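Quick notes on the structure that follows.
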Amino acid sequence: MARTTFSGPVKSDNGFEGNIIGNVTGTVTGTLSGTVIETTNTATANGTTIANSTAITTGITVVSGADGTKSVVLPTAAAGISVLIYNTAATNGLPVLANTSDTINGGASVTMEGSTWLQAVAVNSTAWLTTIFTADS
């Protein structure tokens, strides 16, 4: 077995119990309970096509620089993955593009307005569905 380092209480007899602090890579199966904290990424909107737009990874991404045309592109869909994107621009829209072979809400892109959150969930290996959250005025 490869080196394993834990921080916090750990108990395992054909099952895991305890705390893990840090990064986990690989496949995790079973039931997850407690608090899961995603890494927050930052990005600047860029480009207008899949080839030159800023790539979004899974997790949470805070995007600056939206001007109504500069965009971001989602990762390739895989059933069950999700991303959460925040557009920091106060009023400018942020186009969110689906990857080459994917769709987003049945099309090639969606535009989120300024100061909004977009949650995209891959429902299969080629399709994303989104929900947009806006601040109460």
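No lab work stands behind these numbers, since they all come straight from the coordinates. The model shown is predicted, which means the values in this text are computed figures rather than measured ones.
Residues with amide H under 5 Å of Asn92's amide H, sequence separation 5 or more or different chain, H placed in the peptide plane at 1.01 Å from N; which?
Amide H to amide H, under 5 Å and 5 or more residues apart or across chains, Asn92 pairs with Gly114.
Taking only C-alpha pairs under 8 Å that are 6+ residues apart, what is the relative contact order of region 40-134 in percent? Spell out each step's value before the answer.
Values: 279 pairs, mean separation 23.7, N = 95.
Dividing the mean separation by the residue count of region 40-134 yields 25 percent.
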